[in-house]
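Here is the structure we will look at.
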Amino acid sequence: MMEEDPVISTIKMRRSVRDYANKPVSNDVVESIIDAGIHAPTGLGMQPWRFVVIKDKAIMKQMSNHCKPRLLKQLEGINIDAAMQFKKMLKTEEFDIFYNAPVLIIVLGYKNVPTVDFDCSMCAQNMMLAAHSMGLGSCWIGTACLVQDNPEMLNKLKIPADFKVVAPIIFGYAGSIPAAPPRNEPVITWL
Ligand SMILES: Cc1cc2nc3c(=O)[nH]c(=O)nc-3n(C[C@H](O)[C@H](O)[C@H](O)COP(=O)(O)O)c2cc1C
């Protein structure tokens, strides 16, 4: 049987990890992950990103407590099973939107660049794939974008006024790795 290409294998094996081992992530590893991120392509080569690295649990807890009620409000009226279960979890004090991960890296995007969301998402995917390749798990925590409405929080996170939160991603060594959620067959139009 032909061996799968290592890049394809990394792409397919990466999972969103929501259970982390109690093992710190070194700053060297964090810098290697960010280095993979900045090799992403960008519109006009603008590289419109900056990074905030948070290892301080108290700051992460504060962010989590800020976002939980806001997410609950967004989910009001959505009564499908998965959302109901998630809402129940969000209402508990213990639930941490960052799943107690040891490190959160926020990819910030420069607001004045038209391709900023694409650019920072490419960077984010590079970072998650690099982390997987280095033996770490990751998960993009879109919920954390809800800090964007709070000037005090943005100030605490040292986010400059001309930057916005695009991709908050947690990283760490996995406690457990979930099964791959099944993928739908792609809809392809061939012309
Ligand atoms: C833009 C974006 C936002 C996401 N936000 C969250 C989130 O707030 N919380 C969470 O647990 N997972 C979040 N995820 C992870 C997805 O739930 C996950 O990618 C999806 O279930 C597929 O699983 P996989 O990454 O293991 O393939 C997010 C993913 C993306 C791309």
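The values are calculated or read from the model by the stated rules, or taken from the named source; none is laboratory data. Since the structure is predicted, the reported quantities are computational estimates derived from the model, not experimental observations. All Cβ positions, glycine included, derive from the backbone under ideal geometry; neighbour counts span all protein chains shown.
Quick look at the numbers
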quantity	calculated
Only listed residue being at pLDDT below 95 and closer than 23 Å to Ile59 by Cα, chosen from Met128, Met89	Met89
Answer from Lys164, Lys111 - the residue that is within 17 Å of the chain's Cα centre (by Cα), among the basic types (Lys, Arg), farther than 29 Å from Val7 by Cα and modelled with pLDDT of 95 or more	Lys164
Close pairs from segment 171-187: first near the ligand (Cβ under 10 Å from one of its atoms), partner among the polar types (S, T, N, Q) and assigned to a loop (DSSP other than H, G, I, E, B), Cβ under 9 Å, at least 6 apart	none
Residue list for segment 13-31, filter: buried (at least 16 other Cβ atoms within 10 Å of the Cβ) and in contact with a helix residue (DSSP H, G or I) (Cβ under 7 Å, 6 or more places away or on another chain)	Arg14
Considering residues of segment 85-108 that are more than 12 Å from the ligand (Cβ to nearest atom) and β-branched (Val, Ile, Thr) only, the residue surrounded by the fewest Cβ atoms within 10 Å (Cβ to Cβ)	Thr92
Of all residues making up segment 136-154, the number that are of a type outside the set (Val, Ile, Thr), within 9 Å of the ligand (Cβ to nearest atom) and within 14 Å of Met60 (Cβ to Cβ)	2
